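The values are calculated or read from the model by the stated rules, or taken from the named source; none is laboratory data. Everything numeric here is computed off the predicted structure, so don't read it as measured data. With ideal geometry, Cβ positions are generated from the backbone for all residues, glycine too; neighbour counts draw on all protein chains shown. To get the accessible areas, we keep the full protein, side chains included, count just its heavy atoms, and leave off ligands, DNA and RNA. Shrake-Rupley method; radii C 1.70, N 1.55, O 1.52, S 1.80 Å.
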Amino acid sequence: MDNYFINWAKAAAIRAVKTIAQTAVGMLSGDMLGVMEADWIAVASVSAMAGIVSLLTSIAGLPEVK
């Protein structure tokens, strides 16, 4: 059981980090003001929320963890 949890935690963390990065890139590319004038607090908070949602979704199961 411990090995399963470790594998699940690694896979869930990788998915969450990818989701955070994808959300940040999406918000920055959608911002017409440019990267230097972006609302970084909004980018960080929305990206963090996306990461949390990703982790909660991973509780239902991950296909890469057997």
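Does the range 22-32 contain at least one residue that is hydrophobic (A, V, I, L, M, F, W, C) and open to solvent by less than 50 Å² (accessible area, probe 1.4 Å)?
Looking for residues that are hydrophobic (A, V, I, L, M, F, W, C) and open to solvent by less than 50 Å² (accessible area, probe 1.4 Å), one finds at least one in the range 22-32, hence yes.
All but one of (1) of a type outside the set (Val, Ile, Thr); (2) over 25 Å from Asn3 (Cβ atoms); (3) open to solvent by 50 Å² or more (accessible area, probe 1.4 Å); (4) touching a residue at least 12 places away in the same chain (Cβ under 8 Å) hold for Glu37, so report the exception by its number.
All conditions pass for Glu37, except number (4).
Within the set of pairs 6 or more residues apart or between chains, which connect a residue that is closer than 20 Å to Val65 by Cβ and aromatic (Phe, Trp, Tyr) inside the range 6-27 to a residue that is open to solvent by less than 50 Å² (accessible area, probe 1.4 Å) and outside any helix (DSSP H, G or I) with Cβ atoms less than 7 Å apart?
That search, which allows pairs on different chains as well, returns Trp8/Leu62; Trp8/Val65.
For the range 48-63, enumerate the residues that are surrounded by 12 or more Cβ atoms within 10 Å (Cβ to Cβ) and not in a helix (DSSP H, G or I).
Leu62, the sole residue that qualifies.
Being assigned to a helix (DSSP H, G or I) and modelled with pLDDT of 80 or more is the filter here, so list the residues in the range 30-47 that pass it.
Trp40, Ile41, Ala42, Val43, Ala44, Ser45, Val46, Ser47 - these are the residues of the range 30-47 that are assigned to a helix (DSSP H, G or I) and modelled with pLDDT of 80 or more.
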